[in-house]
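Working notes, beginning with the structure itself.
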Amino acid sequence: MVTRIDLHCHSTASDGTLTPAELVCAGAAAGLDVMAITDHDTTGGWAPAAAARPDGLRLVRGAELSCRWRGPGMEWPIALHLLAYLFDPGEPLLAADLARLRLDREQRAEKIVDRLRGDGVPITWDEVRGYAAGGSVGRPHIAQALIRAGLVHTTNEAFASRWLGARYFVPKADLDVFGAVRAVRAAGGVPVFAHPRATVRGRVVPDQLIADLADAGLFGLEADHEDHSPEERAHVRALANDLGLVVTGSSDFHGTHKTVALGEFTTDPAAFEKIASAATGVPVLG
Ligand code: AMP
Ligand code: ZN
Ligand code: FE
Ligand code: FE
């Protein structure tokens, strides 16, 4: 029997649409053997996911950290996402970083809503905050309000440049990526660079930066992801090989905020075992 491993999934603890409990049940129903819960800048889904974990599903507790890198002579930093697996959620420095990012997400979302309202868009911060339901707020929650107001039909449309993609874009707080890699390691976690070559999302970092991050403690690269073309996946694989980094693949499932299915992209068991063995923060459950 093949082992199916999906190491990047979001719940209502951030901008997914399944609760953490629904997420682990959906993972088991989709035939996954291993699933990671990786909400944006929060570990808020860990406890409910663990409590609802079906027998036979192994659960990796993680998060996806909002990071930036500003190269020499660059006017604007490049935003990047770092998956952090199996870190100690009580480690104070990393926990404080995450709390700061979440607070800024609220202030930033309120700013975006203010700007939309200033142009007559009939949505409110209360409505958007309601969609986030106490979790880490993200632009998909604002997209949900734009859909409700009848201004766009899909989340994807809400990310177009005339809406959240550019016209109403407000940057969010993020962590310097080298500091984040060290903080995750210091908390016993394993850092993996999420969709590192996703040019559809905007600018991507140079290979040399990934080599420098590997020297700083980066453990792996996510190659198989819907936002990578086949060429980009092959490039990421080759780079990981050169640098001795582990390769992962995952759905980046967001429930109905995206069209990708659980387990649509998966990780090799050997890569998963390396990640699990390298972590000292919290164990894989199950
Ligand atoms: P934020 O974290 O608030 O900047 O919002 C970005 C999040 O929205 C990412 O986690 C994406 O996965 C999600 N998202 C969903 N649909 C899109 C889209 N079409 N373009 C960009 N991000 C999207
Ligand atoms: Zn997201
Ligand atoms: Fe991401
Ligand atoms: Fe993600």
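The values are calculated or read from the model by the stated rules, or taken from the named source; none is laboratory data. Since the model is a prediction, treat every value here as computed from it, not as a measurement. Positions of Cβ are backbone-derived with ideal geometry, glycine not excepted, and every protein chain shown enters the neighbour counts. For accessibility, only protein heavy atoms count, side chains too; no ligands or nucleic acids. Shrake-Rupley method; radii C 1.70, N 1.55, O 1.52, S 1.80 Å.
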Nearest 10 degrees, 0 to 90: helix 207-216 Cα axis against the chain principal axis:
60
For Lys274, the aspartates and glutamates lying under 20 Å Cα to Cα, once residues fewer than eight places off in the same chain are dropped, come out as Asp6, Asp33, Glu64, Asp88, Asp215, Glu222, Asp224, Asp242
Per residue of the range 226-237, in order, report the coupling 6.51 cos²θ - 1.76 cosθ + 1.60 (Karplus, θ = phi - 60°) as ³J(HN,Hα) in whole Hz, putting x for Gly and Pro.
4, 7, 9, 6, x, 5, 5, 4, 5, 4, 5, 4
Sequence-distant or interchain residues sharing an amide H contact under 5 Å with Leu80, placed H: which?
Cys67, Arg68, Trp69
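Express as a percent, rounded to the nearest 5, the fraction of DSSP beta bridges in the chain (both residues included) that run antiparallel.
The antiparallel proportion sits near 40 percent.
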Amide H neighbours of Ala160 under 5 Å, at least 5 residues apart or on other chains, H built in the peptide plane: list them.
Gly165
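Tell me which trypsin sites (Lys or Arg not before Pro) from the range 217-286 have a DSSP coil assignment and no more than 10 other beta carbons within 10 Å of their own.
Values: sites: Arg233, Arg237, Lys258, Lys274; in loops: Lys258.
Of the trypsin sites (Lys or Arg not before Pro), not one in the loops of the range 217-286 has a Cβ with at most 10 other Cβ atoms within 10 Å.
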List the trypsin sites (Lys or Arg not before Pro) within the range 34-80 that fall in a DSSP loop (any state other than H, G, I, E or B) and whose Cβ has at most 16 other Cβ atoms within 10 Å.
Arg70
May I ask you to work out the translational diffusion coefficient for the range 85-174 at 20 °C, viscosity 1.002 mPa s, via Stokes-Einstein with Rh from the Kirkwood sum over Cα pairs, reported in whole µm²/s?
155
Mean-square fluctuation check for the chain, GNM, Cα pairs under 10 Å: which of Ala180, Ala36, Ala211 is largest?
Ala211
Give the aspartates and glutamates reachable from Lys111 as a straight Cα distance under 16 Å; neighbours fewer than 8 places away on the same chain don't count.
Asp119, Asp126, Glu127
For the range 1-80, which whole-number percentage of the solvent-accessible area (1.4 Å probe, protein heavy atoms only) is attributable to carbon and sulfur atoms?
57
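In the range 55-150, what GluC sites (Glu not before Pro) fall in a loop by DSSP, with at most 14 other Cβ atoms inside 10 Å?
Working: sites: Glu64, Glu75, Glu106, Glu110, Glu127; in loops: Glu75.
Qualifying residues, ordered by number: Glu75.
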Using the Karplus curve 6.51 cos²θ - 1.76 cosθ + 1.60 with θ = phi - 60°, work out ³J(HN,Hα) for each residue of the range 218-224 in order, rounded to whole Hz, and write x for Gly and Pro.
4, 9, x, 10, 7, 9, 8
When we measure straight from the Cα of Lys258, which lysines land under 20 angstrom away, once same-chain ones fewer than 8 places off are left out?
none
Could you work out how far the C-alpha centroid of the range 139-192 sits from that of the range 12-44, in angstrom?
18
How big is the convex hull of the Cα atoms of the range 139-286, per residue, in Å³?
140
Under the helix-only model (-39500 (n - 2.57) for each DSSP H run of 4 or more, divided by the residues of the chain), the mean residue ellipticity at 222 nm, to 500 deg cm²/dmol, is -11500 deg cm²/dmol
Principal axis lengths of the chain from Cα atoms, whole Å, largest first?
53, 49, 39
Tell me, what HN-Hα J-couplings in whole Hz come from the Karplus equation 6.51 cos²θ - 1.76 cosθ + 1.60 at θ = phi - 60° for each residue of the range 108-121, using x for Gly and Pro?
5, 5, 5, 4, 5, 4, 4, 5, 5, 4, x, 9, x, 6
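Suppose all protein chains stay in the model; what accessible area per residue would a 1.4 Å probe give for the chain, in Å²?
Details: 12060 Å² over 286 residues.
It amounts to 42 Å² per residue over the chain.
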Helix 20-29 sits off the longest principal axis of the Cα atoms of the chain, rounded to the nearest 10 on a 0 to 90 degree scale, by 50
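D for the range 46-112, whole µm²/s, Stokes-Einstein with Kirkwood Rh over alpha-carbon pairs at 4 °C and 1.567 mPa s: what number?
Working: Rh = 14.6 Å.
After rounding, the answer is 88 µm²/s.
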